[in-house]
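A.B. asks: Take a look at this one; I'll ask things after.
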């Protein structure tokens, strides 16, 4: 059996791979992983064609299977197509493509579709995904939105927080807004664009409230500076690409960043001139150098950056 899993949401990809392994009851000794960046397609085909020494069936996982993308090819693509036309029934081949789309017109894609399974794992609808992760538990849209607002868009973190909520609500299996507020923790990433707005807008009191909350959570000043720098950079890149006519999905693919933080960065960045964003990026870079060379204490440096006139 052949599977092609494509999409930018690694959590969903990992979840799907686990389902395949569980479906065929494959032992870990019969699972082999390859990466088309480092490994030859020829050696992968040869492995697929051989019989497992340990079990009736084996799973072969191939990461970065970009041969399904438009314009991508391989010296052994003909050999691979021949294998797909007559694949080994004892091999479960799982091809993982990190791109948000694949070329449906390519022969390789058509062959997998005809003789296997193709699944898109892009998480285009966060609400449906969270509902799916809840399983038999009921959760309303307001509770989902609060969960995202508090912990961010990372599905691995959301799943971890949902596990706590499920234990807490095991009796009635109903997750409400108050439950989310009581049991989940704010993460540093969720308020970052609001933090940036307060810094740029010279709203010092509001900026310090968020900063102090981050410090209470044990976040290191150096980590906060690095996060601010990365978000300013994302805001600059995403807004410049938006102004050049790129769609949010194109920007997500180009920058290799999930579409949700891209949306937030565009929404935050379009309010400011690009030269202003570049100015703040330079200030953070200079601050980082001063900290690393011992010219300023990290806490003092970050607070001066937040409170600057």
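A.B. asks: Tell me yes or no: at least one residue of segment 286-301 is surrounded by fewer than 16 Cβ atoms within 10 Å (Cβ to Cβ) and within 28 Å of the chain's Cα centre (by Cα).
C.D. replies: Checked against the condition, which is being surrounded by fewer than 16 Cβ atoms within 10 Å (Cβ to Cβ) and within 28 Å of the chain's Cα centre (by Cα), segment 286-301 yields no hits at all.
A.B. asks: Taking residue 107 as meeting all but one of (1) surrounded by fewer than 18 Cβ atoms within 10 Å (Cβ to Cβ); (2) touching a strand residue (DSSP E or B) at 6+ places or on another chain (Cβ under 6 Å); (3) assigned by TED's automatic domain parsing to the domain that holds residue 27, write down the number of the exception.
C.D. replies: Failed condition: (2).
A.B. asks: Return the residues of segment 116-128 that are touching a helix residue (DSSP H, G or I) at 6+ places or on another chain (Cβ under 8 Å), within 13 Å of residue 94 (Cα to Cα) and surrounded by fewer than 17 Cβ atoms within 10 Å (Cβ to Cβ); say none if nothing qualifies.
C.D. replies: Selection gives 119 alone.
A.B. asks: Only one residue in 58, 33 is under 30 Å from residue 159 (Cα atoms) and either crowded, with 19+ Cβ neighbours inside 10 Å or assigned by TED's automatic domain parsing to the domain that holds residue 159 (or both), so which one is that?
C.D. replies: 58
A.B. asks: Here's a follow-up. Taking the conditions exactly as written (out of contact with any helix residue (DSSP H, G or I) (no Cβ under 9 Å at 6 or more places or on another chain), at pLDDT below 90 and within 30 Å of residue 66 (Cα to Cα)), does residue 256 satisfy them or not?
C.D. replies: yes
A.B. asks: Output the residues belonging to segment 94-110 that are in contact (Cβ under 8 Å) with a residue 40 or more places away in the chain and farther than 21 Å from residue 258 by Cβ.
C.D. replies: Passing the criteria: 94, 95, 108, 109.
A.B. asks: Something else now. Please work out which residue is nearest to residue 83 (Cα to Cα), limiting yourself to segment 44-55 and to residues that are assigned to a loop (DSSP other than H, G, I, E, B) and either touching a helix residue (DSSP H, G or I) at 6+ places or on another chain (Cβ under 8 Å) or outside the structural domain of residue 75 (by TED's automatic domain parsing) (or both).
C.D. replies: In this case the residue turns out to be 52.
A.B. asks: Just checking, which of 159, 149, 205 is surrounded by fewer than 17 Cβ atoms within 10 Å (Cβ to Cβ) and over 26 Å from residue 11 (Cβ atoms)?
C.D. replies: 205
A.B. asks: Right, here's the next one. Look at residue 15 and say whether it is out of contact with any strand residue (DSSP E or B) (no Cβ under 6 Å at 6 or more places or on another chain), assigned by TED's automatic domain parsing to the domain that holds residue 74 and modelled with pLDDT under 90.
C.D. replies: No: the conditions fail for residue 15.
A.B. asks: Now, a different point. Within segment 277-300, can you find the residues that are more than 14 Å from residue 199 (Cα to Cα) and touching a residue at least 24 places away in the same chain (Cβ under 8 Å)?
C.D. replies: 278, 285, 287, 288, 291, 298, 299, listed by residue number.
A.B. asks: Another question, then. Return the residue satisfying two criteria in turn: it lies in segment 61-89 and is in a helix (DSSP H, G or I) and without any contact (Cβ under 8 Å) to a residue 24 or more places away in the chain, and of such residues it is surrounded by the most Cβ atoms within 10 Å (Cβ to Cβ).
C.D. replies: Checking each candidate, the answer is 82.
The values are calculated or read from the model by the stated rules, or taken from the named source; none is laboratory data. Note that the structure is a prediction, hence the values are computed from the model and not measured. Here the Cβ is made from the backbone with ideal geometry for all residues, glycine too, and neighbour counts use every protein chain on show.
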